[in-house]
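The values are calculated or read from the model by the stated rules, or taken from the named source; none is laboratory data. What you are looking at is a predicted structure, and each value in this text was computed from that prediction instead of being measured. Glycine also receives a Cβ, built like all others from the backbone with ideal geometry; neighbour counts cover every protein chain displayed. Areas reflect the complete protein model, heavy atoms only, side chains present, ligands, DNA and RNA absent. Shrake-Rupley method; radii C 1.70, N 1.55, O 1.52, S 1.80 Å.
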Amino acid sequence: MMRKRLPTLDRYLLTQLIPPFVIALGAVLLALLLERLMVLFNDLAATGSSLATFIGLLTDLLPHYMGLALPAALCVSVFQIARRMSENNEIDALMAAGVSLLRIARPFMQTGLALGAMSVLLYGYIQPVARYDYRAGFYFAAHTGWAPHLQAGMFAATADGAVLTADAVSHRGTVLHRVFIREQEKNGVVRIITAKRGLLTVAPGKRATRLDLWNGMILTDPGPGSLHDPSQTYFAHSDRLILPKAAAAKFRKRGMDQRELTLLELVKYLCHPSSTPPDIGQNDVRAELNFRLARALAIPFIPALAVALAMGAKRRRPVVGLIALALVLVGFDHLLQFGNGLVSQRGISALLAIWMPELIFCAICVSAIHRRSRGSWLRRRLVRPT
């Protein structure tokens, strides 16, 4: 059975859409991630976390910003293509051949429909799990990581009860001079370790800090009542691992926040209120479920609005339409977030607080493309020669 090929016009428009969409998606993602990236980098550097932890947390952030970048990239790319085709008189030529503006916008709206279906998966399943993974990873990095740097004269306690200090430090606290360490075991054995020089680094492949010591001495006191005498040992080089606290490595289970719940879990808690976690109310579940669905269902209507605003007067600067498009989209997103808060905090009906702005936005998009398409049709009829 032969596969049905796309019409030539659809293939042409989709070919024009892919490059600017990919570029816009990358640019928007980079802009959204840049500020959070710097804050995250500073926080992890302060706790001495490794580069692998930083990359893992950055990966967990991608689904959240991808949900914001997808509609923005689709909007910008469709607007640019429609504006360029209008300025090059391609749309006028298609309309003269009997192709309506709605027909031209159809492949863009179908692309928005596909992205909307992907967004249901993104908003409903990928983002909640990634949000929890990010919080768990950041908690682990902040509480179990032992920062590989010291200040001169500062006493630092390790997980095994040892106390570490150095008379002088250099290289941002990683190189230690005249090191002093006191360790005490549960059986009463006390070890005093001194060294002329030390180096603090993150242990490769381990969630711990490595301490290398050179030219030092270990004085061991077996404690009172022991049959052994204190001993003294010299060494040229010694290393040890400073392990994290086991209690701090634990993190709560997923689902204590409604934003960490998947769509199926939200529906389950909405149908069975008795099984809802104690920290989450029924209004929170209802607001989160409707908010995610409304955001996903609005994406297929964005291309229609972008095409309509791109079809303005050719002498008018395109930035005017782009600014108007950005204001509409940003205002709509803020309205949805405001409605989410009203449903969650005030218990207002989701039909009024979330779905009413959704219907108004969809109606604006449909009426804009319909009005622009009908206006073009009337203009062609008026200027048609007799």
The long-range amide H neighbours of Arg197, using H built 1.01 Å from N in the peptide plane and a cut-off of under 5 Å, are Arg178, Val179, Trp214
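Over segment 277-346, what percent of the accessible surface lies on carbon and sulfur atoms, probe 1.4 Å? Working shown, then result.
On the way: 2150 of 3410 Å².
The computed percentage sits at 63.
Calculate the FRET efficiency for Asp279 and Phe155 from the Cβ-Cβ distance with a Förster distance of 35 Å, rounded to the nearest 0.05.
FRET efficiency, Asp279 to Phe155: 0.35.
If R₀ is 22 angstrom, what is the calculated FRET efficiency for the pair Leu270 and Arg346, using the beta carbon separation as r and rounding to 0.05? Each step should come with its number before you reach the end.
Values: r = 18 Å, r/R0 = 0.81.
Plugging the Cβ-Cβ distance into 1/(1 + (r/R0)^6) gives 0.75.
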Contour minus Cα-Cα distance for Tyr139 and Arg259 (0.36 nm per residue): 41.5 nm
Note: Arg178 to Thr59 extended length (0.36 nm per residue) minus current alpha-carbon separation gives 38.8 nm
Check the straight Cα-Cα distances from Lys253 and name the aspartates and glutamates below 16 Å, setting aside those fewer than 8 residues away within the same chain. Asp133, Glu265, Asp279
Quick one: if you stick a label point 7 Å off each Cα along the C-beta vector at Val190 and Asn215, how many nm between them? 2.8 nm
Taking 2.2 N^0.38 Å as the expected size of a compact globular protein, what ratio does the Cα radius of gyration of segment 229-309 give against it, to two decimals? 2.26
State, to one decimal in nm, how far the label point of Ser238 lies from the label point of Leu14, with both points 7 Å from Cα in the Cβ direction. 6.9 nm
